[in-house]
Amino acid sequence: VGAEASADARTAADFLRQHSGAPPRLAIVLGTGLGGLAEHITGSSVVSYADIPHFPHATVAGHAGRMVLGELQGVPVAAMQGRFHLYEGYAPQQVVLPIRTLRLLGAETLIVTNAAGGLNPAFGAGELMVLSDHIGLATMAGLNPLRGPNDDALGPRFPSLTNAYDANLRAQAHAAARALAIPLHEGVYAMVGGPNYETPAELRFLRAIGADAVGMSTVPEVIAARHSGMRVLAISCITNVTLPADANEPPPEPSHAEVVANAERAGIQLTALVERVVAEMA
Ligand code: HPA
């Protein structure tokens with residue numbers, strides 16, 4: 001699948017080249033309920049995923065399924081309203097097709113956002129967390145976008161993920177958060193396959209292995225981005241608290257409606273934060 005996957009990305013990039021002005025320097029993935037940032041992109045052309053060769057169609061509620069190309073704070077960007085998840089049945093290589101496509105179009109930096117459940121007891125619903133690292137349960141076990149023949153033109157066979165989350169971009173995010181008086185946590189994101197929410201025992205396991213938040217996306221995209229040499233900034237919106245405050249209490253019951261509602265609420269802060277970081281790139 002590896003060689004085919006990068007051929008698909010080349011076809012998709014050729015198509016988008018005809019639909020965008022300046023090639024994007026920055027790719028942005030807007031997670032569940034976080035699509036609002038795209039409204040701030042000026043001079044934009046909007047391309048539905050359905051029209052881009054080889055792109056799967058986004059289906060999940062809260063995901064629009066289109067690419068918005070234009071300028072944000074003077075920086076040429078391509079923003080994805082809606083992403084592909086493993087739980088929708090897509091192969092990991094399909095999940096990362098947009099990342100490879102935007103890399104081939106010229107993007108050097110990726111900002112990726114997601115909705116996540118909080119595991120760290122210090123995190124409240126509606127708060128933001130910048131990723132310092134991740135635990136890719138699915139990718140570690142072989143559901144990995146780099147599986148298959150390696151395209152050496154994209155990146156190396158055995159990429160390092162030691163510094164997956166760029167230290168300078170993280171520092172810029174914290175500086176922007178301070179300037180805007182937005183609380184910003186930092187921590188480790190664990191990726192699960194979903195689509196079910198975790199059992200109480202799974203949540204205790206994830207906390208015990210060092211995760212601060214849990215979600216169903218992002219890790220494949222970050223792996224593909226790092227493989228192809230992009231700098232990465234990733235921010236989770238903590239949409240729900242997963243572990244009970246007291247071990248004797250029943251765990252809070254998650255719901256997709258709660259996740260979307262809190263992501264939309266926190267999305268206002270996340271939008272302001274990302275815009276400020278992007279302004280620094282101009
Ligand atoms: N678990 C997994 N993924 C999620 C959650 C959660 O609690 N909240 C938002 N995405």
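The figures follow:
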{"read-out": "Size of electric dipole in the chain: Cβ of Lys, Arg +1 and of Asp, Glu -1, about Cα centre, debye, nearest 20", "value": "560 debye"}
{"read-out": "Length-normalised contact order for the chain - Cα pairs under 8 Å, 6+ apart - percent", "value": "26 percent"}
{"read-out": "Dipole of the chain, positive direction: furthest Cα of Ala7, Val29, Leu97, with charges on the beta-carbon", "value": "Ala7"}
{"read-out": "Protection-proxy order for peptides 221-232, 84-95, each taking the mean of Cβ atoms within 10 Å per residue, highest first", "value": "221-232, 84-95"}
{"read-out": "Crossing angle, helix 167-180 versus the chain [Cα axis fit, 0-90 degrees, rounded to tens]", "value": "70 degrees"}
{"read-out": "Normalised contact order of region 69-184, rounded percent, pairs of Cα under 8 Å and 6 or more residues apart", "value": "23 percent"}
{"read-out": "Exposure proxy ranking, count of Cβ atoms within 10 Å, fewest first, for Asp133, Asp152", "value": "Asp152, Asp133"}
{"read-out": "On Cα atoms only, tilt of 2-17 relative to the major axis of the chain in degrees", "value": "70 degrees"}
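FYI, it's all coordinate maths here, none of it is from the lab. Owing to the predicted nature of the structure, the values given are computational and were not obtained by experimental measurement. Every residue, glycine as well, gets a Cβ built from its backbone with ideal geometry; the counts of neighbours run over all protein chains shown.
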